[in-house]
Amino acid sequence: MAYKITEECINCGACEPECNINHAIAEGNPVYVIDHAKCTECVGNYATPRCVEVCPVDACVPDPGRKETKEQLLAKWRRLHPGQQPVMT
Ligand code: SF4
Ligand code: SF4
């Protein structure tokens, strides 16, 4: 499932550059936001969700309203990166 950023976010900006392949994270108001259409849980790019690892306040969490299978996440990755091959599956 896609991840989301909770109101615990302190706007440190650490997560944004970690999502350097899907570019799903952006500064928002009042807190940073994840575009669910671009978040693949890092499937296709990394072994684990990068934003989760760097967030100092654990504000990056799975969005239970957006459940997706690994196959669906890989399909999303392929739509985002046409003609490319995923690094991590
Ligand atoms: S889980 Fe990965 S793809 Fe999703 S927002 Fe975080 S860094 Fe980006
Ligand atoms: S790393 Fe965490 S606290 Fe920092 S901007 Fe991202 S979600 Fe907010």
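The values are calculated or read from the model by the stated rules, or taken from the named source; none is laboratory data. All figures in this text were calculated on a predicted structure; none of them were measured in a lab. Don't worry about glycine lacking a Cβ; one is built from the backbone with ideal geometry, like all the others, and counts go over all protein chains shown. Just the protein is used for accessible areas: all its heavy atoms, side chains included, with ligands, DNA and RNA removed. Shrake-Rupley method; radii C 1.70, N 1.55, O 1.52, S 1.80 Å.
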In the stretch 2-28, the residues that are open to solvent by less than 50 Å² (accessible area, probe 1.4 Å) and either away from ligand 1 (no atom under 13 Å from the Cβ) or outside any strand (DSSP E or B) (or both): ALA2, THR6, CYS9, GLY13, ALA14, CYS15, GLU18, CYS19, ASN22, ALA24, GLY28
Residue in the stretch 67-80 that is surrounded by 11 or more Cβ atoms within 10 Å (Cβ to Cβ), touching a residue at least 40 places away in the same chain (Cβ under 8 Å), touching a helix residue (DSSP H, G or I) at 6+ places or on another chain (Cβ under 7 Å) and not charged (D, E, K, R) present: no
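THR40: of a type in the set (Ser, Thr, Tyr), within 11 Å of the chain's Cα centre (by Cα) and at pLDDT 95 or above, yes or no? I'd like the intermediate steps shown before the answer.
Details: of a type in the set (Ser, Thr, Tyr): yes; within 11 Å of the chain's Cα centre (by Cα): yes; at pLDDT 95 or above: yes.
Judged against the criteria, THR40 is a match.
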Answer residue from the stretch 29-62, given it is surrounded by 19 or more Cβ atoms within 10 Å (Cβ to Cβ) and at positive phi and is farthest from ligand 2 (Cβ to nearest atom) among those: GLY44
Residue list for the stretch 8-65, filter: within 19 Å of PRO86 (Cβ to Cβ), of a type outside the set (A, V, I, L, M, F, W, C) and in contact with a helix residue (DSSP H, G or I) (Cβ under 7 Å, 6 or more places away or on another chain): GLU18, ASN22, LYS38, THR40, GLU41, GLY44, ARG50
